[in-house]
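Accompanying notes for the structure given below.
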Amino acid sequence: MNDSGENGEKKRSRRPPQARTTQRDPERTRAAILEAATREFAENGMGGARVDAIAERAGTNKRMLYHYFGDKEQLYLRVLEEAYVGIRTAERALHIGDRSPEEGIGELALFTWRYFLQHPEFLSLLGTENLHRARWLRQSVRLKELHSHLIGELSQVLEQGKKQGVFIETADPLHVYLTIASLGYFYLSNQYTLSTIFGRDLIEPTHLNAWERHIVHVTLASIKR
């Protein structure tokens, strides 16, 4: 009896510490599921991601996942929203409107490039959602509000630059952001094919630094008088 009791206790104690903790902490459980889901969707896309794998990564079970997020599609949408909340929140902290117009645009360009470098999962999620033609993204009201703030602040910076005679009158906030984002996204999302085709390791620090400077230069050159 003692041996079986001890063995049972040992078996119960083999459950990972994270699993035991998340069962007792709802907020931590939700955060763990979101983090695990982000990795799973980034690596395997919407179609290839598995709920079982997400639950295992999070140290919980499918029942808890369904309890907090409904189903796989709702969880995927939540992951997308949180990914955008992350970058938009960090952008707000830049306060580009507190700088000179040129410095503000340059800082936004630097930030966007560096954020893409530090968050490859964000680019993977963008690629997945574009394959589905933004099927899930269109369902989110939350994201429209986030992006309106970005365009609003960028518009103010451009207007200030126009008043100072620094920027051309046709400078458009959406075009400026698309220039910044596309220069970073294309480079990183195609790094393997481009490196192979042109025989240059584009992820070497020297090449990354050179492209960072190029992004700032091209963005400012496209709107300066």
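The values are calculated or read from the model by the stated rules, or taken from the named source; none is laboratory data. Owing to the predicted nature of the structure, the values given are computational and were not obtained by experimental measurement. Note that we place each Cβ from the backbone using ideal geometry, even for glycine, and neighbour counts take in every protein chain shown. For the accessible areas, the whole protein counts, side chains as well, though only heavy atoms, and no ligand, DNA or RNA atoms are used. Shrake-Rupley method; radii C 1.70, N 1.55, O 1.52, S 1.80 Å.
Here the simple spin-label model places points 7 Å from the Cα toward Cβ, and for PHE186 and ASP98 these points are separated by 3.4 nm. Cut-off 19 Å, label point 7 angstrom out along Cα-to-Cβ of ASP172: give me the residues of region 121-156 whose amide nitrogen falls inside. Counting only backbone N, you get 147-156.
Candidates THR89, VAL176, LEU143 compared by Cα position along the dipole of region 80-216: farthest toward the positive end lies LEU143, with charges placed on Cβ. If R0 is taken as 22 Å, the Cβ-Cβ distance between HIS132 and ALA53 corresponds to a FRET efficiency of 0.65. The residues of region 97-201 expose on average 58 square angstrom of accessible surface per residue, using a 1.4 Å probe on protein heavy atoms. Extending 7 Å from the Cα toward the beta-carbon at both SER222 and TYR115 defines two label points whose distance is 1.7 nm.
Across the chain, the relative contact order, built from alpha-carbon pairs under 8 Å that are at least six residues apart, equals 19 percent. When percent of Cα pairs over 28 Å apart is calculated for this entry, the matching label among (i) 23; (ii) 29; (iii) 46 is (iii). Over the chain, dividing the summed -39,500 (n - 2.57) contributions of all DSSP H runs of at least 4 residues by the number of residues returns a 222 nm mean residue ellipticity of -25500 deg cm²/dmol. Once the Cα atoms are used to define both axes, helix 205-221 deviates from the longest principal axis of the chain by about 50 degrees.
Taking the charge dipole of the chain about its Cα centre, with +1 at Lys and Arg Cβ atoms and -1 at Asp and Glu Cβ atoms, the residue from LEU188, ALA210, ALA134 reaching farthest to the positive side is ALA134. Could you list the residues of region 120-143 with an amide nitrogen less than 15 Å from a label point located 7 Å from the Cα of VAL85 in the Cα-to-C-beta direction? Backbone N within reach: 140-143. Highest mean packing comes first when the peptides 32-39, 177-184 are listed by Cβ atoms within 10 Å, giving 32-39, 177-184.
Relative to the Cα centre, the charge distribution of region 133-225, modelled as +1 at Lys and Arg Cβ and -1 at Asp and Glu Cβ, gives a dipole magnitude of about 300 debye. Spatially, region 84-136 and region 196-213 are offset by 20 Å when compared through their Cα centroids. Using a simple spin-label model with pseudo-atoms 7 Å out from Cα toward Cβ, HIS149 and HIS214 lie 3.3 nm apart.
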